[in-house]
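Let me begin by presenting the structure, written as C-alpha cells, before commenting on it.
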Amino acid sequence: MARMTMIEAIRDALDVAMGADPSVVVFGEDVGYFGGVFRCTAGLQAKYGKTRCFDTPINESGIVGAGIGMAAYGLKPVVEIQFADYMYPAYDQIVSEAARLRYRSAGQFTCPMVIRMPTGGGIFGGQTHSQSPEALLTHVTGLKTVVPSNPRDAKGLLLAAIEDPDPVIFMEPKRLYNGPFDGHHDRPVTAWKSHEMGEVPEGHYTVPLGKAVLRRQGRAATVLTYGTMVHVALAAAEESGVDAEVIDLRTLLPLDMEAIVASVNKTGRCLVLHEATLTSGYGAELAALVQAECFWHLEAPVRRVAGWDTPYPHTHEWSYFPGPARVAEALRQLVEVA
Amino acid sequence: METPDPNEYPPLSLAVPEPEVRPGGQPDFSHVAIPRAGTVRRPPVDVDPEEIRDLAFTIIRVLNREGQAVGPWAEALDITPEDLLEGLRHMMTLRIYDARMLNAQRQQKTSFYMQHLGEEAISCAFQRALAPGDMNFPTYRQAGLLIAAGYPLSAMMNQIFSNSEDPMRGRQLPVCYSSREHGFFTISGNLATQFIQAVGWGMASAISGDRKISAAWIGDGSTAESDFHAALVFASTYKAPVVLNIVNNQWAISTFQGIARGGSGTFAARGHGFGIPSLRVDGNDYLAVLAVAKWAAERARRNLGPTLIEYVTYRAGGHSTSDDPSAYRPAEESTAWPLGDPILRLKNHLIALGIWSDDRHAQAEAEILAEITEQQKRAEAIGTLHHGQHPSPADMFEDVYAEMPPHLLKQRHEAGF
C-alpha cells in the first residue's frame, strides 16, 4: 500500500474514477492545467484531456449549474468549489436545483454529481478561507454530505460519492490535506506518511456513505465528531484522562445512528464536537437525535463544543478554534456530572 | 416541415480555450493590437454610447515611447508638474511598500500578502479623479487608492501585521484594508460581491439628492461572477453615478483571461449589451488612466450614468504569496508584456519634461525606502503576526452585532474573556 497525503488520495480517487468511467468529468476554478490551488486535480488534464478536466470561469453558480445540466444528461461531474467559503453564489443551484431534480421530476431527471470543497480553518485564512458551512448543506433535503478525516477514507468515500446516484457534497478539511492535525498548532506538523491512515490501497475501493467508524474505544463518554475534529478529540481524550470513545461520523447525511446509539447507550455521556459555529450547527441535530434515541441511558446532558458564533477571525484563529484544551475541559466536566 | 436528421451532422465537440503559451514556450504578445499613443479620440462626456462602441475594442494611450504625453486625452488633462511628481511618488511608494511587505511575509511576520507589481498606475491614478466623500469598492489589488488618498502607511502595516494598532482589529486577512474616511470600502475577500454594492452606493447618493459618486472594482476573472452582471444591469437601469472598473491583468491565479472573456473580444465590450459607455485604456500609462477616470467621473457627477472601463495591464507577480506563477505561464512573459512598466513610463515623461532625472529618481527611491523602513520598524515594534502586542481575544466577540446578544456574551465568558 502506498503512503499518501489526503491531496494525493483525492487525486488518486479521481484518477481511478476517470479511468474506469468516461462519463466522469472534473472541472472548477484553476483545476485544469494547474491542477487546483491545493493540487487535488494535478495531472488529470494531461492524462484525460481538456474536455474531461478543465478550468472554468470564476462563477460558482455556473460551475454547479453546468454540473447539474451535465449530470441530468448522464455524465458524472465532480466539480470543485475552490474554498467552501466560495459556495454561497452556488447555493441556489445546490438547494433549489441539484437537491430537488429527482423529486420534482418524479425521477425523470437526476443529479449524480459530486461537489468538492476544501473546508475548515487552521491555516490563517481569515473569514473567507476558513468556514465550515456543513449545516447549511445537511439542512437541505436531497443532498448527502461527507467529511473525511484521513487519506484512506477520503479516497474510498470520494469513489462512493462519485458512484452515488444523487448529489453528494464532499467537504475536505484543508488542515488535514498534508497531515493529521490535533489542534496543537505550536507543535511540529505530523505528515500522513508517518500515520497509518495515510496508507491508501491501490485501485478501486469504496468506503460506504452512512457508515461511521470508531477511532478510539472508551467507557466514560462518547465524542461524536468528523473531519479535523476527529484528531482533536483523540488528543483531548489522551490529555484529559477521560476514557472517551471517539466516533468519526465520516458521513453527516446519511447518518450512522446505529453506531451512535450503541456507543452512547454504553457510555451514558455524549459530547458533540465541530469546528463550525455553534448556533443551529450540525451538532444541534446530533444532540437532538441522541436525546431522543438514548434518553434513558443518558447520565448527563448532551454537551456541545464548537466554533464561537463569530466570523472566523484572522489573528485570533487559535482562540477561536475548538482545540484540545477546550475539548478536554468539556470532557472532564461531562464526566463530573453526577 | 421536415424533422432534422442529426446523423447528417458531424459529432459535437467541446471548445476549451487555451493561452498561446505555457511554461517552456516563448511568450508572444504580437496578437495584442496596440494603437499608437494619442491616436484614440476623446468624445464629449454626454456622448451617445452607440457612437463610441469602437472605444471598447481599442486602447486609449497617452504616453508615447519618447515619454511625451500626446493626443486629445492628454490635452484634456489639467495637470501640474507637482501633480505628476506626486503621482510618481505614489506609485514608487506602493512598489517599495509591496517589496517590504512581501519580504515580511517570507520572514513570517504576516500570514499572507498580495502585491501590485506592474499595476501601480491604475489605483494610484484613479484616486486622483475622485473627491472627498466619493467611495471606492476595491478588490485586494488597489492599495494605491489608499496611498493616493493620503492614508497612513503605518495603519496599512499595522493591518498587515495584525498587531494591536490594526484598525481592523486582527479580524481580516492581510491587505483587506478599510477606511471610510479615505473613500475605501471594507474589502470582503470574496470575489465580485462588492461590484454591485458600489452601484447601490451610487444609487443611494442619487436617491438622497447628494453629489457623491462611487467606483466599483473587479478583476478580469471575476467578471464571470453573476454579481458583475447584476451590477451592470442595475447601473444601466437606474443610470447610477458609478465608475465600473475592470482590471484586466491577464491572469486569474492560473487561469488566463480568455476563460472569463469568452467570445466577446474584450471585457469592455461587456458594457455594450447594457448600453453603458465602455472604454479600454492602457493600464500601465498613469496619464491615460487618470484622463479616462476623470472623463468617467465627470459623467457620473453630471448625472449621465455609469461608465465601464477596462484597464489593460499585466500581473507581473504571483496572484498572492500562496501562488507560484512559473507553474502555469512562462517566467519571461512579464518582461515580454508590451505596455511596459508604469513607473518607468511616468519617470521618462518627467525626464522628458525636464523636471526629473535618474539621479533624482534614485534619491527619491532611497528616501521612500528609508521612510517605509522606519515606519515598518515602528509597526513591528508594536507587533507582528506571532510576536508583540495584538488586539485582545475578547475583541473577537465585538461587532458581530451592534449590541452583544446574550448567547455571545455567554460564549465570551466561556472563552475566559
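Counting only residues that are without any contact (Cβ under 8 Å) to a residue 12 or more places away in the chain and either assigned to a loop (DSSP other than H, G, I, E, B) or surrounded by 13 or more Cβ atoms within 10 Å (Cβ to Cβ) (or both), the stretch B:400-413 holds 7 of them. Scan the stretch B:284-295 and give yes if some residue there is at pLDDT 95 or above, within 25 Å of B:Leu346 (Cβ to Cβ) and β-branched (Val, Ile, Thr), otherwise no. Yes, that holds for at least one residue. Looking at the stretch B:119-151, which of its residues are among the charged types (D, E, K, R) and in contact with a Pro (Cβ under 9 Å, 6 or more places away or on another chain)? Scanning the stretch B:119-151 gives B:Glu119, B:Glu120. A search for C-beta distances below 8 Å between a residue of the stretch A:23-35 that is within 10 Å of chain B (Cβ to nearest Cβ) and any residue that is outside any loop (DSSP other than H, G, I, E, B) and aromatic (Phe, Trp, Tyr), counting only pairs 6+ apart in sequence or on different chains, returns A:Phe27/A:Phe54; A:Val31/A:Phe54; A:Gly32/A:Phe54. A:Asn59 fulfils the conditions (1) of a type outside the set (Val, Ile, Thr); (2) facing another protein chain (nearest Cβ under 8 Å); (3) farther than 30 Å from A:Pro311 by Cα except for a single criterion, (3). Filtering A:Met87, A:Met113 for residues that are within 27 Å of B:Cys176 (Cβ to Cβ) and surrounded by 22 or more Cβ atoms within 10 Å (Cβ to Cβ) leaves a single hit, A:Met87. Of all residues in the stretch A:254-272, none satisfies the criterion of being over 20 Å from A:His297 (Cβ atoms) and surrounded by 22 or more Cβ atoms within 10 Å (Cβ to Cβ).
Restricting attention to the stretch B:295-336, the residues being under 30 Å from B:Phe274 (Cα atoms) and assigned to a loop (DSSP other than H, G, I, E, B) number 8. Within the stretch B:386-417, the set of residues being more than 7 Å from every other protein chain (Cβ to nearest Cβ) and of a type in the set (A, V, I, L, M) comprises B:Ala394, B:Ala402, B:Met404, B:Leu409.
Residue under question is B:Pro393, and the condition is that it be free of Cβ contacts under 8 Å to residues at least 40 places away in the same chain, in contact with a Gly (Cβ under 9 Å, 6 or more places away or on another chain) and crowded, with 18+ Cβ neighbours inside 10 Å; does it hold?
Judged against the criteria, B:Pro393 is a match.
Quick check on the stretch B:314-333. Is at least one of its residues buried (at least 19 other Cβ atoms within 10 Å of the Cβ), closer than 30 Å to B:Ala204 by Cβ and hydroxyl-bearing (Ser, Thr, Tyr)? Looking for residues that are buried (at least 19 other Cβ atoms within 10 Å of the Cβ), closer than 30 Å to B:Ala204 by Cβ and hydroxyl-bearing (Ser, Thr, Tyr), one finds none in the stretch B:314-333, hence no. For A:Thr222, indicate whether it is more than 30 Å from A:Pro167 (Cα to Cα), assigned to a loop (DSSP other than H, G, I, E, B), polar (S, T, N, Q) and in contact with an Asp or Glu (Cβ under 9 Å, 6 or more places away or on another chain). Taking the combined requirement at face value, the residue does not satisfy it. Within the stretch B:139-161, restricting attention to residues that are more than 18 Å from B:Glu374 (Cα to Cα) and of a type in the set (Gly, Ala, Ser), the residue that is farthest from the other protein chains (Cβ to nearest Cβ) is B:Ala148. The condition (being more than 30 Å from B:Gln159 (Cα to Cα), surrounded by 18 or more Cβ atoms within 10 Å (Cβ to Cβ) and within 20 Å of the chain's Cα centre (by Cα)) is satisfied by just one residue among B:Asp341, B:Asp282: B:Asp282.
Restricting B:Pro44, B:Pro23, B:Pro4 to residues that are in contact (Cβ under 8 Å) with a residue 12 or more places away in the chain and either assigned to a loop (DSSP other than H, G, I, E, B) or within 14 Å of chain A (Cβ to nearest Cβ) (or both) narrows the list to B:Pro23. When residues in the stretch A:245-268 are screened for being within 21 Å of the chain's Cα centre (by Cα) and not in a helix (DSSP H, G or I), 12 of them pass. Taking the stated definitions as given, is B:Ser264 surrounded by fewer than 24 Cβ atoms within 10 Å (Cβ to Cβ), part of a helix (DSSP H, G or I) and within 14 Å of chain A (Cβ to nearest Cβ)? It is false that B:Ser264 is surrounded by fewer than 24 Cβ atoms within 10 Å (Cβ to Cβ), part of a helix (DSSP H, G or I) and within 14 Å of chain A (Cβ to nearest Cβ).
Here's the yes/no breakdown for (1) charged (D, E, K, R); (2) farther than 30 Å from B:Ser188 by Cα; (3) assigned to a helix (DSSP H, G or I):
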{"site": "A:Leu289", "(1), (2), (3)": "no, yes, yes"}
{"site": "A:Glu293", "(1), (2), (3)": "yes, yes, yes"}
{"site": "A:Trp296", "(1), (2), (3)": "no, yes, yes"}
{"site": "A:Val305", "(1), (2), (3)": "no, no, no"}
{"site": "A:Tyr312", "(1), (2), (3)": "no, no, no"}
{"site": "A:Ala328", "(1), (2), (3)": "no, yes, yes"}
{"site": "A:Val335", "(1), (2), (3)": "no, yes, yes"}
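Considering only residues in the stretch A:39-52 that are under 14 Å from A:Arg116 (Cα atoms) and surrounded by 22 or more Cβ atoms within 10 Å (Cβ to Cβ), the one that is farthest from the other protein chains (Cβ to nearest Cβ) turns out to be A:Cys40. Does the stretch B:171-183 hold any residues that are in contact with a strand residue (DSSP E or B) (Cβ under 7 Å, 6 or more places away or on another chain) and within 19 Å of B:Asp399 (Cα to Cα), and which are they? Within the stretch B:171-183, B:Tyr177, B:Ser178 meet the criteria. Can you pull out the residues in the stretch A:248-269 that are out of contact with any helix residue (DSSP H, G or I) (no Cβ under 8 Å at 6 or more places or on another chain) and without any contact (Cβ under 8 Å) to a residue 40 or more places away in the chain? Matches in the stretch A:248-269: A:Glu258, A:Ala262. For the stretch A:185-192, the condition holds for at least one residue, the condition being that it is within 21 Å of A:Arg250 (Cβ to Cβ), under 18 Å from the mean Cα position of the chain (by Cα) and away from every other protein chain (no Cβ under 14 Å). Inspection of the stretch A:115-125 finds a residue satisfying the criterion of being within 11 Å of another protein chain (Cβ to nearest Cβ) and either at positive phi or out of contact with any Ser or Thr (no Cβ under 8 Å at 6 or more places or on another chain) (or both).
The values are calculated or read from the model by the stated rules, or taken from the named source; none is laboratory data. Predicted model only: the values in this text are computed from it and were never measured. Positions of Cβ are backbone-derived with ideal geometry, glycine not excepted, and every protein chain shown enters the neighbour counts.
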